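**Student:** Before we start, here is the structure in question, set down as structure tokens.
We did not get these values from a lab; they are worked out from the coordinates using the rules stated. This one's a predicted model, so the numbers in the text were calculated from it and none came from an experiment. Positions of Cβ are backbone-derived with ideal geometry, glycine not excepted, and every protein chain shown enters the neighbour counts.
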Amino acid sequence: MKGSTGHFLYVDLSDGLTNSFCPPIDYYSRFIGGSGFAARLFVERGNFEADPLDPEALLTFSLGPFAGLNLSGASRFSAAACSPLTGHWADSSCGGNFAPELKFAGFDGILVSGKAKKPSVLVISDHTAKIETYPELWGLGVEKATATLKQKFGKASKTLVIGPAGENLVKFACIMNDGHSAFGRTGLGAVMGSKGLKAIVVRAKDRNFLAEDPMACRKLVSELNSRIKESVTLSVMRENGTAANLEGGVHLGDVPIRNFTSNFWEEMAEALTGSTLSEKYLKRRANCDFCSVACKRIVEITQGPFAIPKGPGPEYETIVSFGSLIGSMDLAATCKAGRICNDLGMDTISSGATIAWALEAFENGDIGVKECDGIQLKWGDINTIIDHILPSIAYKKGNLGSLLSDGSVAAAKKIGPSSQDYNVQAKGLEAPMHDPRGGGHGLALTYAVSHRGACHVSSPMLFMEMGACYYPEVGFDYELDPLSSENKAESAVLAMALGALENSACLCQFADREISIPEWVALFNSVAGFNWDIHDMIKAGRRIFYLQRLMNHRYGLRAEDDKISSRLLTPAVDGAPAGIVIEFEKMRTKFYNLMDLNPETGIPSRKTLVDYNLEIEADIILKG
Amino acid sequence: MEFWKDETEPIKAFIELFNRAKQDAELYEGLKKVNQLIWFDYTEDGPNCSFFVDCRGGEVRVSPGKPSDQPNLIMSLSADDAHRSWSNKLNPVMAITRRKIRVKGSATGLLKLAPKLKKVAIIYNDTLKDLGWENKIIP
């Protein structure tokens, strides 16, 4: 088997032991890597009864077969565990530079269990690993901790680091790669923190990538890299980052405003869009390993209240989370808020969304100055957010920090039912910065049925609805109207399979749009030697989707949990989607039928499980 | 061609469209911000079927044919799809994905104009009407 090393690292922090193991070889073609592989390993080795923050909880980092391949968009990887934020199976995807280095060091992933007696760092180099106690790092922000690690282990080493939020078990704490890329969603930084693991460092000497068919692989990669580099969409993203089309999104009604209460704010569109960021603050562009897209930003703000030194800049989600979502159109402030979140180690989406919920709760009188430690919360008051609220959350300081550090859903449960009306989430995960009412009705469906909750990268549905996908080989030749339910269930069936494939192969959803379905198959075959046809590949994607549903069933989720907040289904009051109703139930029912999902349990029939070769996994998962 | 009798018709319509768009303050400002030389290349429908818009230097100039300077952006498509596009009946992202529109160069400037396509379509339909081509208007 090529593309992968065949070895995973197992780390028991309680015993201080590390060893490597070889997963069954069939896992690679059945579950690929990344999200799918992590799920299968959890079924084999995890404990569904363990609290996400108990030592027994299993945290997995898993690469795809293309990590280390010189292909734009191939340097991502997954982290997975039971989420402390949502209480069920979750994973998160991260770009950057760690994945290729880990592959070159000889591992396809890392499983972390136990709890270190003292704050520790896992140090990985060529085929070896050791746990080093490093208490002096504990308490440091991500930036300083990363710099310290680089000083000790060499500038070329790659790092995964948690910040104070992860140490303090904030339920939407993230894990940062070299201080810029993030495993942002679902609170996996808190899982790492609960284990006393401050960081993972990896350094590899060799940089060999072995493909099954090197000639075919080289030719295909060369073609794809050229196309990705020349792509008009991706060149726009190179120029102005992932927020390049924020302005267009505002006019479509896709960009949420004041906790999703509005879908149009014209002045904000130009103030926050990617070209404005380029003009005002961009110092240079940055990229994940091997990627020519370079959608990452390096920014500097030299003066004013939001001055920040040259360093990582915000991407689209961060700009909107700390911009229009909280009622601000101060671009410099979003840069600073993003930088602070990175340093504290907090997901910018859940941070912004939880704060937006609090702003609305305050406005509605559901929380008052007492719950807010004497602070008046106001829409657009980004100064208070930066100076007080973000640090309070990360350190769980005061009433407000305690209330918000478990996320908006838990906070609303504490405050009372009326405040749950303006939670904007699915399965306990705060919605990202795409409003399905404007961005596309199919997105409402995929938010609802995604295993991790409201997630725009669980599938390429957003791209399908905007017209950026054309896959006639698998029947996707629809010209979708974003503001309609027509053909959305059918599209979602394919979208969820493709999403599972992308998140398991650990390919970037931006670069991926330039790769056709036959080319995906050719990539898997030339790199990993799967010998697939298109049908086999789509089947693998759907198998992973079903597996993750089975796991969430074990965590107690049922069909009734495949829903999204009522706010996202209430017709917009302004902008392009004003007054249009999302036919959610119609789409969901059709999706369930097409996917053979039981309308009560939410899982597929035994026959379908057998068809997808999941009977062994189903027996293990469901017997408990 | 489905909408046009010959290659001169679309160019006449599109140049008139841009000349009228220049009269609209918002569109004029938007065009100036594009700050690029754009060649709209419909030569697949005839060798003279193209025009260019020069938005560089704080002015907007529109002329038929290919520009003598190297364009910053070339948009190649059929004259029929261009008609659909200016009528706001063609999803540009979808058209690019399906290779109905081929783009060379930076489309960043044009992206800023995308939200204004609705307004452009209104002006375009008025243009067609005034040119006596009401029958070409896509309902």
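**Student:** Once amide H atoms are placed 1.01 Å from N in the peptide plane, what residues at a sequence separation of 5 or more from A:I257, or on another chain, have their amide H within under 5 Å of its amide H?
**Tutor:** Close amide H contacts, sequence-distant or interchain: A:S262.
**Student:** Which trypsin sites (Lys or Arg not before Pro) in the range B:1-90 sit in a loop by DSSP (not H, G, I, E or B) and have at most 15 other Cβ atoms within 10 Å of their own Cβ?
**Tutor:** Those satisfying the criteria are B:K5, B:K89.
**Student:** Calculate the dipole size of the protein assembly as shown relative to its Cα centre from +1 charges on Lys and Arg beta carbons and -1 charges on Asp and Glu beta carbons; express the result in debye to the nearest 20.
**Tutor:** Approximately 1680 debye in magnitude.
**Student:** Further question: Within 10 Å, count the other beta carbons around each residue, average over each peptide in A:454-460, B:95-101, and list them highest first.
**Tutor:** The packing order, highest mean first, is A:454-460, B:95-101.
**Student:** Relative contact order for the range A:386-458: what is it in percent, counting Cα pairs under 8 Å that are at least 6 residues apart?
**Tutor:** Relative CO of the range A:386-458 lands at 19 percent.
**Student:** Please list, in order along the range A:27-33, the HN-Hα scalar couplings obtained from phi with the Karplus expression 6.51 cos²θ - 1.76 cosθ + 1.60 (θ = phi - 60°), rounded to whole Hz, x for Gly and Pro.
**Tutor:** Per-residue couplings from phi come out as 4, 5, 7, 8, 10, 6, x Hz.
**Student:** Specify which residue in the list A:A426, A:A489, A:V449 is farthest towards the positive end of the charge dipole of the range A:354-505, using unit charges on the beta carbon of Lys, Arg (+1) and Asp, Glu (-1), about the Cα centre.
**Tutor:** A:A426
**Student:** Please give the charge dipole size of the range A:8-202, origin at the Cα centre, charges +1 on K and R Cβ atoms and -1 on D and E Cβ atoms. Round to the nearest 20 debye.
**Tutor:** Using only the charged Cβ atoms, the result is roughly 420 debye.
**Student:** Any idea what the dipole of the range A:430-623 comes to, in debye rounded to 20, about its Cα centre with Lys/Arg Cβ at +1 and Asp/Glu Cβ at -1?
**Tutor:** Here the range A:430-623 has a charge dipole of around 660 debye.
**Student:** Could you tell me the center-to-center distance, by alpha carbons, between the range B:1-19 and the range A:35-67 in angstrom?
**Tutor:** If we compute the Cα centre of each part, the gap is 60 Å.
**Student:** Using a Förster distance of 30 angstrom, determine the FRET efficiency expected from the C-beta separation of B:K129 and A:E270, and round it to 0.05.
**Tutor:** For B:K129 and A:E270, the calculated efficiency is 0.40.
**Student:** Within the range A:507-589, report the GluC sites (Glu not before Pro) that DSSP leaves as loop and that have at most 10 other Cβ atoms within 10 Å.
**Tutor:** Counting only loop positions with at most 10 other Cβ atoms within 10 Å, none of the GluC sites (Glu not before Pro) in the range A:507-589 qualifies.
**Student:** Oh, and also: For the range B:8-125: lysine pairs with Cα atoms under 14 Å, gap of 8 or more or different chains, count?
**Tutor:** Lysine pair count for the range B:8-125: 12.
**Student:** Setting aside same-chain residues fewer than 8 positions from A:K539, which lysines have a Cα under 22 Å from its Cα?
**Tutor:** Hits, sequence-local ones excluded: A:K2, A:K488, A:K590, A:K607.
**Student:** Once you average over the residues of A:266-274, how many Cβ atoms of partner chains fall within 10 Å of each Cβ?
**Tutor:** 1
**Student:** Can you list residues whose amide H is under 5 Å from A:Y10's amide H, if they're 5+ apart or on another chain and H is modeled 1.01 Å from N?
**Tutor:** A:N19, A:S20, A:F21, A:L111
**Student:** Here is a further query. So what is the calculated 222 nm ellipticity per residue for chain A, using -39500 (n - 2.57) for each DSSP H run with n of 4 or more, over all residues, to the nearest 500 deg cm²/dmol?
**Tutor:** Per the formula, -11500 deg cm²/dmol.
**Student:** Restricting to lysines 8 or more places apart or on different chains, can you count the pairs in the range A:154-309 with Cα atoms under 22 Å from each other?
**Tutor:** 15
**Student:** Gain in length, A:D533 to A:A156, computed as 0.36 nm per residue apart minus the alpha-carbon separation, to one decimal in nm?
**Tutor:** Residue separation times 0.36 nm, minus the Cα-Cα distance, leaves 131.8 nm.
**Student:** So, one more: If exposed means no more than 11 neighbouring beta carbons inside 10 Å and the site is in a DSSP loop, what's the longest run of chain B without any exposed GluC sites (Glu not before Pro)?
**Tutor:** Maximal segment without exposed cleavage sites: B:60-139.
**Student:** Separate question: Evaluate peptide B:106-119: per residue, the Cβ atoms of other protein chains within 10 Å of its Cβ; return the mean as an integer.
**Tutor:** Mean inter-chain Cβ contacts per residue within 10 Å come to 5.
**Student:** I would also like to ask the following. What spacing in nm lies between the two simple spin-label points modelled at A:R45 and A:N208, each 7 Å away from Cα in the Cβ direction?
**Tutor:** 2.5 nm
**Student:** Can you give me the distance in nm between label points at A:I616 and A:D373, each placed 7 Å from the Cα along the Cα-to-Cβ direction?
**Tutor:** 5.2 nm
**Student:** Would you kindly derive the ³J(HN,Hα) couplings of the range A:528-544 from the backbone phi angles with the Karplus curve 6.51 cos²θ - 1.76 cosθ + 1.60 (θ = phi - 60°), listing them in order in whole Hz, with x for Gly and Pro?
**Tutor:** So the J values, rounded to whole Hz, are 9, x, 6, 6, 8, 10, 4, 4, 4, 5, 5, 4, 4, x, 6, 4, 5.
**Student:** Oh, and also: Hey, got the average number of other protein chain Cβ atoms within 10 angstrom for residues in A:225-232?
**Tutor:** 2
**Student:** Counting DSSP beta bridges in the range A:8-202, what percent are antiparallel, to the nearest 5?
**Tutor:** 75 percent
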